[in-house]
Every structure is written in structure tokens, then in C-alpha cells.
Amino acid sequence: MSYISDKLRQRIVEQSGNRCGYCLGEQRYIFAPLEMDHLLPIAEGGTDDEENLWLACPLCNSHKGKQTRGIDNLTKNRTPLFNPRKQNWKRHFTIESGIRIVGKTACGRATVDALQMNSKLAITVRENWLIAGWYPPNDLIL
């Protein structure tokens, strides 16, 4: 069982901008608390150290599970999943029509598929966020 102190949790919230490192959903628009994602899952040898933690929405985190690699649908190669702590979101992803997350790199494509980032539910929610003016995030309007 892992334990993450309130102080460490708050640092991660601040570092992540209080949004999911994958779909960029902001806590204030998500009906459930953002979860602490172990970038390298505990089951795969990961730790509760700060450099292994980031925020993820329940939907992205549930699909990620203990995965660390995915299949790039273009090359069919296995590739590491996106690491929101170490990699730049804009380099690996773009947002089409204000709602659909598209991978621009092998890592991005594998992550979109592995985390089912464009599931029917995710698209429906983002459509409504777009109507409300909540998505895409202002700092990522592409």
C-alpha cells in the first residue's frame, strides 16, 4: 500500500496545474477527484517518489492501469507511453476540432490508444466543455 503525504500531493497538484497530465481535463470540470498516477506503476517497480507521480483523471488513469508501453497504430511498434512529468504535451499531441486528442508521435499515438483518450464518453464530455468554453485549455489552444 502506498502513502503520499498531503504536502507531496499538494506539490504535484501545483506542478500539474491541477489537471490530468494526459487529456488535460481540469479538476474544476471533472466530477471526481484527480488521481495520483504512478508513472511507473508500483506493480512494475515504481515508487511514491515525487518524480514518479503526476495527476490523472479517473478515466485516463483507469485505462492506463499498469501499462508503460503501447502500440503505435502507424508503425505497429511497441513504444513507451507519454510521461507528463518529463515530456512536452504539445510535442506529442494536438487537439482537433477542439475535442479530439490526436497523437503526433509514436509515443502520442500509443498513449491515445492505450488510454482510450477519444472514447465515446471522453468525446461527449469534451464536446460539452467546448460549448462551455472550458476546453481546450487556453494555454494549449492550437
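The values are calculated or read from the model by the stated rules, or taken from the named source; none is laboratory data. Note that the coordinates shown come from a computational prediction; the quantities given were computed from them, not determined experimentally. Neighbour counts run over all protein chains shown; Cβ positions are idealised from the backbone, glycine included. We work out accessible area using only protein heavy atoms, side chains counted, and drop any ligands, DNA or RNA first. Shrake-Rupley method; radii C 1.70, N 1.55, O 1.52, S 1.80 Å.
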For this session: Using only the alpha carbons, work out the radius of gyration and Dmax of the chain in angstrom.
Result: 14.5, 42
For this session: For the stretch 6-81, state what percent of all Cα-Cα pairs lands in each successive 10 Å bin, counting from 0 Å until the bin that includes the largest distance.
Result: 19, 47, 28, 6, 0
Seminar exercise, completed: Over the stretch 17-142, with neighbouring protein chains present, the accessible area per residue in Å² at probe 1.4 Å is 52 Å²
Problem set entry | Dipole magnitude of the stretch 76-142, debye to nearest 20 (Cβ charges: Lys/Arg +1, Asp/Glu -1, about Cα centre) | 360 debye
Seminar exercise, completed: For the pair Asn73 and Tyr29, the simple spin-label estimate (label points 7 Å beyond Cα toward Cβ) gives in nm 2.2 nm
Exercise. Say R0 is 30 Å: what FRET efficiency, to the nearest 0.05, do Arg85 and Ile131 get from their beta-carbon distance?
Worked result: 0.45
For this session: For each pair in Lys7/Lys120; Lys86/Lys120; Lys7/Lys90; Lys66/Lys86, compute the distance between the two Cα atoms and list the pairs where it is over 24 Å.
Result: Lys7/Lys120; Lys86/Lys120; Lys7/Lys90
For this session: Could you give the size of the charge dipole of the chain about its Cα centre, using +1 on the Cβ of each K and R and -1 on the Cβ of each D and E, expressed in debye and rounded to the nearest 20?
Result: 440 debye
Exercise. Top mean-square fluctuation among Gly17, Gly45, Gly70, Gaussian network model of the chain, C-alpha springs under 10 Å?
Worked result: Gly45
Problem set entry | Approximate spin-label separation Ile123-Ser97, in nm, with each point projected 7 Å along Cα-to-Cβ | 0.7 nm
Problem set entry | Gain on full stretching of the segment that runs from Ser62 to Arg9 - 0.36 nm per residue minus C-alpha separation | 17.2 nm
